[in-house]
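For reference, the structure discussed in these notes is given below.
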Amino acid sequence: MTDAAQETIYLKDYRPFAYIVDDVHLTFKLADTATRVISRISFRPNTDFPGEFFLHGQDVKLISAKIDGVAVSPNVTPDGLTCDVPDAPFVWEAEVEISPSTNTALEGLYMSGGMYCTQCEAEGFRKITFYPDRPDVMSVFTVRVEGDYPVLLSNGNPVASGEGWAEWHDPWPKPAYLFALVAGNLVAHPSSFTTMSGKDVDLNIYVRPGPDEDKCAFGMEALKRSMKWDEDVYGREYDLDIFNIVAVDDFNMGAMENKGLNIFNSSCVLASPETSTDANFERIEAIIAHEYFHNWTGNRITCRDWFQLCLKEGLTVFRDQQYTGDQGSHAVKRIEDAITLRSRQFREDGGPLAHPVRPESFIEINNFYTITVYEKGAELIGMLKRLVGDAEYYKALDLYFTRHDGDAATIEDWLQVFEDSTGRDLTQFKRWYSQAGTPHVTVTDDFKDGTYTINLKQETSPTPGQDSKQAQVIPIAVGLLSQNGDEVSPTRVLEMTEDSQSFTFEGLAAKPVPSILRDFSAPVILQREQSNTERAFLMAHDTDPFNKWDAGQTLAKNVLIQMITQDAAPDGAFLDGIAAILRDDTLDPAFRALAVSLPSEDDMAQSLHGAGTTPDPLAIHHAVEALRVAMAQHVQDILPRIQAGMTVSGPYSPDAKSAGKRSLGNTVLGLLSRLDGGAAAAKQYDEADNMTMQLAGLAALLKLGKGSAESQAFRTQWRDDRLVMDKWFGLTVSMAAPENAARTAMQLTQEPDFDMKNPNRFRAVFGALAGNSAGFHDASGASYTLLGNWLAKLDAINPQTTARMTAAFETWPRYDADRQSKMRGALETLGATAGLSRDTGEMVGRMLG
Ligand code: PHE
Ligand code: ZN
């Protein structure tokens, strides 16, 4: 299908490396197109697992190699080299040449905005020098960087430095994927932190001189909060004298947890009130926490092989979610996480790219940094915690850290710790790691003689390579309400282990109203015949905030489905429920904002498809808009009062309370604009003194098909700020009317500051196009063709980002025959591109089946 080698790698084939690395010395002589890397590595045979001496290496030119000081001529291939070596410890020395300035794939050593930086996860170190580039080979690194730059950084602690050179030593053995180097004309935003045992740690956030210097303060405070939190909650202390973060503009992902030297996409660390929204602040804080938390869950304990990726990512996402909940509201955070999981992970799990949290094979590991590995991986940790209880969870984690510190571990190791610590048998729970697909849990109930019975049935549809599924352990948190809304049975966790199972609640005076899957206690799809009246009742009375929100969402979906498939009018009970939530000042504004937001158009397509109806994206688009107008009209009397009540005075602060008020205020603004033709939005745009309010004003106007003057003003005002311009590019496409979306995106690619080499800018335009559901699926197929063509172009420059973005097409099986063939056609054309990367080739192959 493609020219690139498509060799599949299997978990079952794991074998330790034949040599042990005792230490690594690297010297970098930096130069744009001809950087020299000199390595001196101590190897010794791994007597338990003898085998070939193979070092990975890709796009590196071997200049010379020696073993124990004697020149050798290794056999070099496109993937690496082999060499005859002594049957005893030996020192390998090599000098290679690489070209950072032409490295547009952004893996290995590359240049971004005039500075040198690295990205080695998962397999980028092999683009720096010849090395056993696998996570189970851990070693102590000493690095010398030579280059004419004021700042020269690597992992660990600084050893010595002088004019044009610096030396670093990292005492903690690490795999090569955690290696990092940065060099450039950078300035530090410094601070410090005193750890729980009284050690002082220097902290720095490095940026280029200029306006970015004023955008570091928030990230620095977030870092300190994270360090403190990991001490307080998990007892984890930082373990070096220094912790550095560097912001780079060109980065494939969000950020990277390199030991002592985190490298961040500038969009995930730089923040200021004028240029960042509340959502940006929240995301930045979460990512800083995430990367910091990796120091223990990822670095001190790493992964044996890349199949175990969820060992570090699922756990670290779970930890960052806990952290964010602790900073603001657990209920709001749980709802936000459930929204992400259902819209993106359920979508992945229900389509051609479905794979287990721990996959068993891959062609290109970069393609498995997925929402399933990360977010479903985090859900598995949450379920374990719910099943064993908080105290047992933290006890097990303590054992995990003591038992596996310094190890490259597996999911088996992780589960063994829980078994040993809690005495629980996790054999069945382990299926969560190997079975793909989202379980559907069907609920029926009955009531007789004071006993209420819940009958549960679980079923998981086949996924690629997995035709039949076995029953999983599903913790289902249930509470019961009386008909007048009192809680008659507090939350109880039902532990489902069979395909079908019943649970009883005794001693009840009357038939209760059940609140099922409270707090979203498992990543499953609940199916239950339920009247709109009962949903409205739970929306009004449920004592569990997640289910209160979810009742409204399910009701909204049902109302929309009735509008789409039966041409029904917007349901009155739903509209009354929305009004009641809006009016209820006792509810957290952030919660109210979520509770009155409608499901996304893509979620509606997913729900319709799940219910056996072929979704029509345009019909969904119109129904969602019609329901929004109906909501606005229904609550018009109260909107101005609520909006006024959400005014936040004083200087901008991104704290959860202020952000929650702005969130509700801006949700209300969206409704108001359907009534006043955009007057309030225009006023808000003009008066805004922070990006949250400015952008919400602009978005509301663009949504109405207005705001071209404001859009131009915004463009002019922020022309020189790359991160704000990304917002403008993105918003322009996401707010475009369905029939204009492709043309709008295409025109934006002709703007002078559209730079396809910058992943943030490319994603701003094309991520927004894929996210504009009705626009992406416009019946003409123009968006499919446009995206396919641009992905083919990008693939030659940056395979990793290209491959990730092909997932826009994963929903093709949902749609009608015409759209299916157009989507598949775009994939086929992309797949036929000459010289297509292995990354993109694998994705296209999996989607076409
Ligand atoms: N390990 C990084 C994180 O989750 C993500 C990442 C993967 C970054 C691969 C770059 C490349 O925190
Ligand atoms: Zn991570």
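Do you know which residues across segment 304-334 are of a type outside the set (Asp, Glu), surrounded by fewer than 23 Cβ atoms within 10 Å (Cβ to Cβ), touching a residue at least 40 places away in the same chain (Cβ under 8 Å) and more than 15 Å from ligand 2 (Cβ to nearest atom)?
Arg304, Gln327, Gly328, Ser329, Ala331, Arg334
Under 6 Å between Cβ atoms, which residue pairs at least 6 apart in sequence (or on different chains) link something in segment 410-424 that is surrounded by 15 or more Cβ atoms within 10 Å (Cβ to Cβ) with a partner that is among the aromatic types (Phe, Trp, Tyr)?
Ile411/Tyr433; Val417/Tyr400
Wholly within segment 1-104, which strands (runs of 3 or more DSSP E) include no fewer than the required count, namely at least 1 residues that are closer than 30 Å to Arg846 by Cα?
54-56, 75-77, 80-82
Spot the failing condition for Thr504; the list is (1) of a type in the set (Ser, Thr, Tyr); (2) within 26 Å of Gly389 (Cα to Cα); (3) in contact with a Leu (Cβ under 8 Å, 6 or more places away or on another chain), and only one is missed.
Among (1) of a type in the set (Ser, Thr, Tyr); (2) within 26 Å of Gly389 (Cα to Cα); (3) in contact with a Leu (Cβ under 8 Å, 6 or more places away or on another chain), Thr504 violates only (3).
Does Pro135 meet the test of being buried (at least 19 other Cβ atoms within 10 Å of the Cβ) and assigned to a loop (DSSP other than H, G, I, E, B)?
yes
Would you point out the residue of segment 108-134, among those that are within 19 Å of Gly80 (Cα to Cα) and touching a helix residue (DSSP H, G or I) at 6+ places or on another chain (Cβ under 6 Å), that is nearest to ligand 2 (Cβ to nearest atom)?
Within segment 108-134, the match that is nearest to ligand 2 (Cβ to nearest atom) is Glu121.
Among the residues of segment 349-404, what is the count of those that are under 20 Å from the mean Cα position of the chain (by Cα) and closer than 18 Å to Gln472 by Cβ?
Total meeting the criteria: 19.
Given the conditions (1) surrounded by fewer than 20 Cβ atoms within 10 Å (Cβ to Cβ); (2) touching a residue at least 24 places away in the same chain (Cβ under 8 Å); (3) away from ligand 2 (no atom under 12 Å from the Cβ), report the number of the one that Ala354 does not fulfil.
Going through (1) surrounded by fewer than 20 Cβ atoms within 10 Å (Cβ to Cβ); (2) touching a residue at least 24 places away in the same chain (Cβ under 8 Å); (3) away from ligand 2 (no atom under 12 Å from the Cβ) one by one, Ala354 breaks only (1).
Tally the residues that are over 21 Å from Lys376 (Cβ atoms) and either part of a helix (DSSP H, G or I) or within 12 Å of ligand 2 (Cβ to nearest atom) (or both), restricting the search to segment 265-283.
Total satisfying the criteria: 8.
Could you please let me know if Glu95 is surrounded by 15 or more Cβ atoms within 10 Å (Cβ to Cβ), closer than 14 Å to Arg126 by Cα, in contact (Cβ under 8 Å) with a residue 12 or more places away in the chain and touching a helix residue (DSSP H, G or I) at 6+ places or on another chain (Cβ under 9 Å)?
no
For residues that are under 23 Å from Leu594 (Cα atoms) and within 14 Å of ligand 2 (Cβ to nearest atom), tally how many sit in segment 284-303.
Result for segment 284-303: 2.
Run down Ile301, Ile263, Ile242, Ile288 and say which single residue is aliphatic (A, V, I, L, M), more than 13 Å from ligand 1 (Cβ to nearest atom) and surrounded by 21 or more Cβ atoms within 10 Å (Cβ to Cβ).
One residue alone meets the criteria, Ile301.
Just give me the residues in segment 237-261 being over 17 Å from the mean Cα position of the chain (by Cα) and within 27 Å of Thr370 (Cα to Cα), in sequence order.
Asn244, Ile245, Val246, Ala247, Val248, Asp249, Asp250, Asn258, Lys259, Gly260, Leu261
Return a yes/no flag: does segment 69-84 have any residue that is free of Cβ contacts under 8 Å to residues at least 60 places away in the same chain and within 16 Å of ligand 1 (Cβ to nearest atom).
no
Of the conditions (1) more than 11 Å from ligand 2 (Cβ to nearest atom); (2) out of contact with any helix residue (DSSP H, G or I) (no Cβ under 8 Å at 6 or more places or on another chain), Met253 clears all except one; give me its number.
All conditions are met except number (1).
Do we have Ala764 as crowded, with 17+ Cβ neighbours inside 10 Å, touching a Leu at 6+ places or on another chain (Cβ under 6 Å) and within 30 Å of Thr102 (Cα to Cα) here?
Against the criterion (crowded, with 17+ Cβ neighbours inside 10 Å, touching a Leu at 6+ places or on another chain (Cβ under 6 Å) and within 30 Å of Thr102 (Cα to Cα)), Ala764 does not qualify.
So that you can scan it fast, the table gives a plain yes or no per residue for (1) within 16 Å of ligand 1 (Cβ to nearest atom); (2) aliphatic (A, V, I, L, M):
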position	(1), (2)
Asp320	yes, no
Val332	no, yes
Ile339	no, yes
Ser343	no, no
Glu348	no, no
Pro352	no, no
Asn367	yes, no
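For the structure I just gave you, tell me whether Asn295 is modelled with pLDDT of 95 or more and within 11 Å of ligand 1 (Cβ to nearest atom).
So Asn295 fails the test.
Hey, among the residues in segment 736-760 that are touching a residue at least 60 places away in the same chain (Cβ under 8 Å) and out of contact with any Phe, Trp or Tyr (no Cβ under 7 Å at 6 or more places or on another chain), which one's nearest to Trp790 (Cα to Cα)?
Per the stated criteria, the residue is Lys757.
Of all helices (runs of 4 or more DSSP H) completely enclosed by segment 525-624, which ones contain at least 2 residues that are at negative phi and surrounded by fewer than 21 Cβ atoms within 10 Å (Cβ to Cβ)?
Hits in segment 525-624: 532-541, 545-566, 572-583, 601-610.
If only one of Asp170, Asp87 is among the acidic types (Asp, Glu) and touching a Leu at 6+ places or on another chain (Cβ under 8 Å), which one is it?
Unique residue meeting the criteria: Asp170.
State which residue is surrounded by the fewest Cβ atoms within 10 Å (Cβ to Cβ) when the search covers only segment 245-255 and only residues that are closer than 16 Å to Asn204 by Cβ and touching a residue at least 40 places away in the same chain (Cβ under 8 Å).
Ile245
Take the conditions hydroxyl-bearing (Ser, Thr, Tyr) and farther than 19 Å from Val159 by Cβ and apply them to Thr27. Does it pass?
no
Yes/no matrix, rows are residues, columns are (1) touching a residue at least 24 places away in the same chain (Cβ under 8 Å); (2) among the acidic types (Asp, Glu):
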position	(1), (2)
Lys448	no, no
Tyr452	yes, no
Thr463	yes, no
Gln466	yes, no
Gln470	yes, no
Glu495	yes, yes
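Within segment 149-175, track down each residue that is touching a residue at least 24 places away in the same chain (Cβ under 8 Å), of a type outside the set (Ser, Thr, Tyr) and part of a loop (DSSP other than H, G, I, E, B).
Those that are touching a residue at least 24 places away in the same chain (Cβ under 8 Å), of a type outside the set (Ser, Thr, Tyr) and part of a loop (DSSP other than H, G, I, E, B): Pro150, Asn155, Gly156, Pro175.
Quick one: how many residues across segment 380-408 are in contact with a helix residue (DSSP H, G or I) (Cβ under 8 Å, 6 or more places away or on another chain) and within 16 Å of ligand 1 (Cβ to nearest atom)?
Adding up the residues that qualify gives 1.
Looking at Thr829, Thr840, which one is assigned to a helix (DSSP H, G or I), within 22 Å of Ile365 (Cα to Cα), in contact (Cβ under 8 Å) with a residue 12 or more places away in the chain and polar (S, T, N, Q)?
Thr840
For (1) farther than 27 Å from Ile284 by Cα; (2) under 30 Å from the mean Cα position of the chain (by Cα); (3) not aromatic (Phe, Trp, Tyr), each residue gets a yes or a no:
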position	(1), (2), (3)
Ser653	no, yes, yes
Lys661	no, yes, yes
Leu671	yes, yes, yes
Leu675	yes, no, yes
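The values are calculated or read from the model by the stated rules, or taken from the named source; none is laboratory data. The structure displayed is predicted, hence computed values, not measured ones. In this analysis, Cβ positions are derived from the backbone assuming ideal geometry, glycine residues included, and neighbour counts consider all displayed protein chains.
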